[in-house]
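Here is the structure we will look at, set down as C-alpha cells.
Please treat every number below as a calculation from the coordinates, not as lab data. Being a predicted model, the structure only gives us computed values, none of them experimental. When we count neighbours, we look across all protein chains shown, and the Cβ atoms used for this are built from the backbone with ideal geometry, even at glycine.
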Amino acid sequence: MTKLATHTESGYERSDFDFYPTEPWITAGALGKLTLRGEVLEPACGDGAMARILREAGYRTWATDIHDHGYDGLDGLHNFLDTPPLDPACGIRTIFTNPPFGERGKLAEAFVRHALKIMMPVGGLVVMFLRVDWDSAGTRADLFERRPHWSRKLVLTSRAQFFEGEHGGKKNHAFFVWDALHSGPPTIDYINKPKVAR
C-alpha cells in the first residue's frame, strides 16, 4: 500500500485516497443487524472488502471508487460526489460504505450529505461506517434530527484494525444508518466481534 507522508491522529501515515480496508467481520456484523433495500451502491469500495461480503450475502452490489485499488469486481471508476440524483426507476436503494475521512472528517461528511441527497428522495437507506463519536459535532447536528430520517447506530464493541500489525486499532467505530422509511426515534445496537475458535 502506498502511503503519503502525512501522519494522522492514529499515529500512522495517511494512506493514499484514505484507503483503509474494512475487516470482513465488521460488514458481516452489520448485515446481521440490518436488512438492506434494493440494489446496493458501495461507492468507496477500495479492494472490495465490503463489496465482497455484500455480494456473498446475496445483495446486487455496484462497487465503484475514485481510484483502482486492484479489486477484480470493480464496476467502474467514479467520484461519488459527482453522482447525480437517481432516476426512480433505478434499482439502487442502499448506499453502504466506509467513506474516506479526509481532513477533520470533512470528506466523510460530504459523502454522508451527498448520499442522503440522492437516497432519501427514492425511499432509500444510507449506511456509513464512521468513528463512534461522529454524531457529537455541532456542525453535523442537522444530520441527526428526525429528518433526514436518522434511524440507527450500530456500535462495534471491538476496535477495527486497519493497519498490518495493529492490535485493536486506535479509534472506536460504528455504523450510522439513515432510512427514508423510518419513523419514530432512532435506536442503538451493538456488533460483537466473533470469538476465534481454539
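Distances between every pair of Cα atoms in the stretch 91-166, grouped in 5 Å steps from 0 to the bin holding the largest one, split as 3, 13, 24, 26, 18, 9, 4, 2, 0 percent. If the cut-off is a Cα-Cα distance under 19 Å, which aspartates and glutamates reach Lys171, setting aside same-chain residues fewer than 8 apart in sequence? Straight-line reach from Lys171, under 19 Å: Glu9, Glu13, Asp18, Glu23, Glu103, Glu109, Asp133, Asp135, Asp189. Taking a 27 Å limit on the Cα-Cα distance, which of the listed pairs Lys33/Lys117; Lys117/Lys195; Lys153/Lys195 fall beyond it? The pairs that break the limit, which is 27 Å between Cα atoms, are Lys117/Lys195. Under the simplified labelling scheme, the Asp82-Lys171 pair shows an inter-label distance of 2.6 nm, with each label point 7 Å from Cα along Cα→Cβ.
Residues within the reach of a label modelled at Lys33 (point 7 angstrom out along Cα to beta-carbon, backbone nitrogen below 17 Å), restricted to the stretch 99-121, are 99. Ranking of Ile188, Ile118 by neighbouring Cβ atoms within 10 Å, starting from the fewest: Ile188, Ile118.
Model label points for Ala89 and Asn192, set 7 angstrom from Cα along the Cα-to-Cβ axis, are 4.8 nm apart.
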